[in-house]
Structures are given as structure tokens and as C-alpha cells.
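Undergrad: Dumping the structure here so I can ask a few things about it.
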Amino acid sequence: MPAAAILARFVLLEARRSGLPWLVAASLAAALGLAAFVSQVALTESIALQAAFSAALLRACAVFLVALHVAASTVREVDDKGLELMLTLPLSRGAQYAGRLAGYVALGTVISACFALPLLLWSPPAAVLLWAASLALETALVAAAALFFSMALVQPVPAFAATAGLYLLARAIGTVQSIAASPLAEPTLPHRLAQWSIDALALLLPRLDAATRTEWLIYGAPTAGAYATALAGLALYSLLLIAAGLFDFHRRNL
Amino acid sequence: MSRDERPLSAVPGWVWLGLTACLALQLAWAGMRPSASQRAEDVPPPPRLAALRLASLGEPEALARLAMLYLQAYDLRGANDIPYQNLDYRRLVAWLRVVLALDPKSEYPLFSAARVYAEVPDPAKTKVVLDFVYREYLRDPNHRWPWLAQAAMVAKHRLHDLPLALRYADAIDRYTTASNVPLWAKQMRIFILEDMNELQAAKVILGGLLASGTIKDPAELRFLEHRLQDLEARQAAQAGGGRMSRP
């Protein structure tokens, strides 16, 4: 078995032996319970409400759990000098980084599959499959971001805050751009400068608002073109984060 | 997960006592708080659409439905005999408009407008809601015609405003072009002019909607069945009262 695959297996083993499976189960129970509650108070669209509410909540839970687990696990590895020990082994830095990230990506895929299962209660299987695949790629992006920030900042709170900030900004940037481009605002120089700054910032962010959309679950699957574009954007940004992470990891001194 | 722990017997008695006393105090304190559901207050002005979009973080479908649940909780209980009659309807309609703009495919705002908020015994408030339904219908006639059909029935039987009901019926005939629209909806004008009481008309409309498969949601079916039963009970009571009062 390649060294990277062994490392990925250890990452998954660590996740299984931590409290993560219980947190996944608790998230599922909370989503199902709250969905049942809101459906009881809804006057109409109770099925769409349960699907939309559960999907939004489970998506947030998946991202939160993956980001927090990656940050905590990586920083603990650094603090316990486990990373330094690994770097003394006859194993390339690229393989070490890739193995660790592969484990986190596999973890995100497992969580995405678990979170997609209850959505089959309310949405067609094809739409749920597309949603789950998109969530798996989204958690892979988040894992790559959390690993990069954890390695670079080496403290759990700043690493998680940076990952959460990037994620929230990426989900809101489309709306921020449309607000900035509002035709009601006066075209003054400061307004234009602000608009250009936001457009420039948007170039550095993935369009997470176009991925893992609840709309697919309640109004039908997206067109192949829109879906492929959304997932290609996620994949491209994940590669960028991996490249940045590898760059930083190769510069690390023992 | 495993932790190295000392046994429970290692905890001093005063710590046990303190914990139990604090828990009892918390339970007593929480039990004395007045229930939040008894408050009757008016709905606040709605946020701007851009603010709601920003807050939704790319989940407008979920936020639109949660906003409707939030909205329908206002003035539903408290010291109020008829739900929603004390609400400021200008603000209410502004909320419905912004929620519908957040998720234009959702039927929740128009359903609530036509079947819940339009049925208050205040003609001015009912007209505000019906006007909202009419304007929003014009934006997507092929999907929103059932709510305008309901608005026409409310105009005829609650407001007793036949010209308004006919205006809505004519709009359905003129602007709804989808092939799956049932014949009775296209011929709403004849239906309005027929000498039917509210119960008969409601039964025909609901029967038509059920037969065409327009209504599928279990919560909506429950709600409409309950409304029909209420209507039947009210008409039976009126008929009974009428017979009693005859010489």
C-alpha cells in the first residue's frame, strides 16, 4: 500500500475513534427532529420545508464538523511533535501532505453520504445524489482550506476562524457583488472603488453559493452545464488550496 | 472515548449539595417565567431583499420558508379571538412580497395570503391582501392562477364585491395560457356569476384542484379539509339559526 494511502487510513481511523461519529449522529437527529417540528407548524409546502431546512442545516453541520476536525487534528499533531517525527521518515513531503488530505477528503465524503440519506425521504434519488456529490466536493474544499490554515497558523482558533471566514465570504460574495452593483447607488468614485475591490475579492474566492443548492432538492435537478460549472469551480479552488498548502509545507523547517 | 476519572464517591458532599440546590433553583426560576407564546405584538417592518439574500448564505429556499413560519406566528395566539386581525396589513404584505421575491417558486406566501390572511373580517385588510395576490399573479400567471381563483372567491363571498371577483376571473382567462389549467379555471367568470353559496363554490374549487393533482402536500390537504369542515359547520349553524328565526 502506498505511504500516502496508509496515512489517509490513519486519518480516518483517528476520526472514527474520536467523538466525530457521535457528532454526525447528533446532527442527523437534530435535523430530523427540527424538520419534523417545522413540518407540523407549516400550513403548506411541508415536504419542501423539511427538505430545505434539513439540507441547509446538514450542509452547515458537515462543513463545521470537517473544518473543526481538520484544524483540531492537525494542530494536535504539530503540538505533540508528531509532524516533526513524520518529517524525519523517508517519505516525501508531498506524499505526507497528500495522504493526510486524502484522509480528510474521504472523511468529508462519508459525512456527506450520511447526511444525504435522510433527504431521500423528501426528494428524488437523482437530485439527492447530485446534492451529495456537490457536498462531498464542498467538504473537500473546506478540508483543504482548514489543513492549509492549520499548517500555516498552527493554532486551532485562528485556523478555524480563517477557514470559517473564507467559507462564509465565499457563500455570500455573489450577493455582496449584486448589492454593490445596485443601479440605485450613485456612481461616485468611492462607490466605484468599493465595487472594484469587491469584484477583485470575488476573483480570489470560489462560488460556493452555486454549489450544493437546496433548490435542486425541491425544484428538480440542475442542468448538466450549471452543475458541471459549479463543481468545476469547487475542484479548481480545491487544487489552488492544495498547491498553496504544499508550497507552505515545503518551506517548513524542522 | 475514555477518561481517567475518580469514582463519584470521591466528590465531596457539599459539592453534591450545591449542584442539586443550583439545579432546583434553575428549574424553579424557569418555571416562574411567563410563556413567550402569550405575547401579542405587531409584525415589524420587513428587512430589505438584499439583506435577506445576504443572510440566506445561498440558501434562499430554506430562509424563505423559515421566514413564513416566523411571520405566521405573529398574532396567531395571545388575547385574540380571530387570528391575524390585529396585524398591520401593509407591513404583512411587504413581508409576503419580500419572501416571495427571495424564492419566487415558493407557493407559501401566496397560499397564506389567499387562504389565511385574506379571510379576516375587515374588508380594507382583505382588499390589501387580494391586491397583492393579483399583482403577484401577473408576474407568473401560469403557476399562480390557483391563488387568484381563491382571491376571486374571497372577493365574491367575503367582500361581496362582484366587479372585483369578475376582474380576477377575467385575468385568469386572459393571462393564464398553460395547457394544464383546468377548464373551470378558464371559465371562472361563469362560475362567479352562478348562484352558488360559499360552501358549494369552495367544494367545486377544491375538488377541481385535488382532481388536477395541484394539491399534493399533506399539510395543505389537512389545512384545506379543516377549512371545509369549518365552512360546513358555519353554514349549518346559519341555516339552523335561519329556521329557528322563521315564524
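Undergrad: Return the average number of partner chain Cβ atoms within 10 angstrom of each residue Cβ along peptide B:94-106.
TA: Mean number of neighbouring Cβ atoms from other chains: 1.
Undergrad: In peptide A:202-215, what is the residue-averaged number of other protein chain Cβ atoms found within 10 Å of each Cβ?
TA: 2
Undergrad: Related question: Of the listed peptides A:216-225, B:52-61, A:149-158, what is their order by residue-averaged count of other C-beta atoms within 10 Å, with the highest listed first?
TA: Listed from highest to lowest mean packing, they are B:52-61, A:149-158, A:216-225.
Undergrad: Taking the convex hull of the Cα atoms, report for chain A its projected area averaged over all directions, in nm².
TA: Computed as one quarter of the Cα hull surface, the answer is 16.6 nm².
Undergrad: Another question, if that's okay. Arrange B:Val128, B:Val99 by Cβ neighbour counts within 10 Å, fewest through most, would you?
TA: With the sparsest Cβ surroundings first, the list reads B:Val128, B:Val99.
Undergrad: Rounded, prolate or oblate: which one fits the range B:84-218, using the alpha carbon gyration tensor with axes a ≥ b ≥ c (rounded when a/c is under 1.5, else prolate when a/b beats b/c, else oblate)?
TA: Oblate shape, in that a/c is at least 1.5 and b/c is the bigger or equal ratio.
Undergrad: If I histogram all Cα-Cα distances within the protein assembly as shown using bins 20 Å wide from 0, what percent of pairs lands in each bin?
TA: Once binned at 20 Å, the Cα pair distances of the protein assembly as shown give 18, 42, 29, 10, 1, 0.
Undergrad: Nothing charged except the Cβ atoms of Lys and Arg (+1) and of Asp and Glu (-1): what's the magnitude of the dipole of chain A about its Cα centre? Round to the nearest 20 debye.
TA: Magnitude of the dipole: close to 440 debye.
Undergrad: Okay, moving on. Please state the equivalent ellipsoid semi-axes for the range B:88-132: what are the square roots of 5 times the Cα gyration tensor eigenvalues, largest first, in whole Å?
TA: 18, 11, 7
Undergrad: How much net charge surrounds A:Leu217 when only other residues with a Cβ under 14 Å from its Cβ are counted (Lys, Arg +1; Asp, Glu -1)?
TA: Summing Lys/Arg as +1 and Asp/Glu as -1 gives -1.
Undergrad: Which pairs in the list B:Lys186/B:Lys216; B:Lys105/B:Lys186; B:Lys105/B:Lys216; B:Lys125/B:Lys156; B:Lys156/B:Lys186 are over 24 Å apart, alpha-carbon to alpha-carbon?
TA: none
Undergrad: Find, to one decimal place in angstroms, the Kirkwood hydrodynamic radius of the range A:146-232, where the mean of 1/r is taken over every pair of different Cα atoms and then inverted.
TA: This gives a value of 15.3 Å.
Undergrad: Related question: Grab the DSSP H runs of the protein assembly as shown that are 4 residues or longer, score each as -39,500 (n - 2.57), total them, divide by all residues and round the 222 nm result to the nearest 500 deg cm²/dmol.
TA: -24500 deg cm²/dmol
Undergrad: Give the average, rounded to an integer, of partner chain Cβ atoms located within 10 angstrom of each Cβ in A:35-42.
TA: The mean count of partner-chain Cβ atoms within 10 Å per residue comes to 3.
Undergrad: Going highest first, how would you order A:232-244, B:144-156 by mean Cβ packing within 10 Å?
TA: B:144-156, A:232-244
Undergrad: Give the distance, in whole Å, between the Cα centre of the range B:136-208 and the Cα centre of the range A:124-170.
TA: 49
Undergrad: Please rank A:Phe10, A:Phe247, fewest neighbouring Cβ atoms within 10 Å first, as an exposure proxy.
TA: The most exposed by this proxy come first: A:Phe247, A:Phe10.
FYI, it's all coordinate maths here, none of it is from the lab. Keep in mind it's a predicted model, so treat the numbers as computed, not measured. No Cβ is skipped: glycine too gets one built from the backbone with ideal geometry, and neighbour counts run over all protein chains shown.
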